[in-house]
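**Student:** Take this structure, written in structure tokens, and hold onto it; I'll ask about it next.
The values are calculated or read from the model by the stated rules, or taken from the named source; none is laboratory data. Nothing here was measured: the structure is a model prediction, and the numbers come from that model. Note: ideal-geometry Cβ built from the backbone for every residue, glycine included; neighbour counts use all protein chains shown.
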Amino acid sequence: MIVNVAQLLKAAVGTAREYDIDECIPTLGEQVVLTEPVQGKARFIRTNNGILVSARLHTAAQLECSRCVELYVEDLPIRFDEEYISVIDVVSGLPTHIPHEIDAFLINEKHEIDLLPAVREYGLLALPMKPLCSTNCAGLCPECGANLNQKKCTCEVQIKDGRLAVLKALLADEEAQG
């Protein structure tokens, strides 16, 4: 996912180029396996400071359902708009001034943009906080651990809520007296 932008850096501000992206990336992070290549379009626009990248990408990730703990595949749109700042002036070859406190993506000394860090960052942000294989997922039985999507179990689940223990004791006293 490396794009050479030397010619675009020499162009006038506002000049744009569009690239088709089709890259196989095995993972986004340590635990997120991608099942499809990252595909889509990225638009590169020359700015005063560097290149603005507007990417509209798509892939799919293998996730673990938070209810039934089964693996499933989730579509994963990856969208970002980031300005990449050049570390070397393309005309003079001299280093550019980049403030230390700036937390920007950089164009390297070969005038290349590596989209992979942004794809990983925004891909991880696009993951659901609580992955579900289906909105109707029944989850696991809290007693025997059976996957309730695959079979019904005969366990009687008693909800034990300590906050209602006092009320339960009052009800038990009324039943004993009544």
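**Student:** What about Val69, is it part of a loop (DSSP other than H, G, I, E, B) and either in contact (Cβ under 8 Å) with a residue 40 or more places away in the chain or small (Gly, Ala, Ser) (or both)?
**Tutor:** yes
**Student:** Being farther than 15 Å from Met1 by Cβ, touching a Pro at 6+ places or on another chain (Cβ under 6 Å) and either crowded, with 17+ Cβ neighbours inside 10 Å or modelled with pLDDT of 90 or more (or both) narrows it down to one residue among Ser66, Ser86, Ser134; which is it?
**Tutor:** Selected residue: Ser66, the only one of Ser66, Ser86, Ser134 that is farther than 15 Å from Met1 by Cβ, touching a Pro at 6+ places or on another chain (Cβ under 6 Å) and either crowded, with 17+ Cβ neighbours inside 10 Å or modelled with pLDDT of 90 or more (or both).
**Student:** On to the next question. Select from region 48-63 the residues that are under 17 Å from Thr15 (Cβ atoms), at pLDDT 95 or above and not aliphatic (A, V, I, L, M) and list them in ascending order.
**Tutor:** Ser54 - this is the single residue of region 48-63 that is under 17 Å from Thr15 (Cβ atoms), at pLDDT 95 or above and not aliphatic (A, V, I, L, M).
**Student:** Of everything in region 77-91 that's charged (D, E, K, R) and in a strand (DSSP E or B), which residue is nearest to Ile51 (Cα to Cα)?
**Tutor:** The selected residue is Glu83.
**Student:** Further question on the same structure: On the basis of being in a strand (DSSP E or B), exposed (fewer than 13 other Cβ atoms within 10 Å of the Cβ) and modelled with pLDDT of 95 or more, does Glu18 make the cut?
**Tutor:** yes
**Student:** Then there is this: Just name the residue that is nearest to the chain's Cα centre (by Cα) out of those in region 146-177 that are small (Gly, Ala, Ser) and surrounded by fewer than 11 Cβ atoms within 10 Å (Cβ to Cβ).
**Tutor:** Gly162
**Student:** Okay, moving on. If the requirement is being in the same structural domain as Ile98 (by TED's automatic domain parsing), in contact with a Lys or Arg (Cβ under 9 Å, 6 or more places away or on another chain) and part of a strand (DSSP E or B), which of these qualifies: Val53, Val13?
**Tutor:** After applying the criteria, what remains is Val53.
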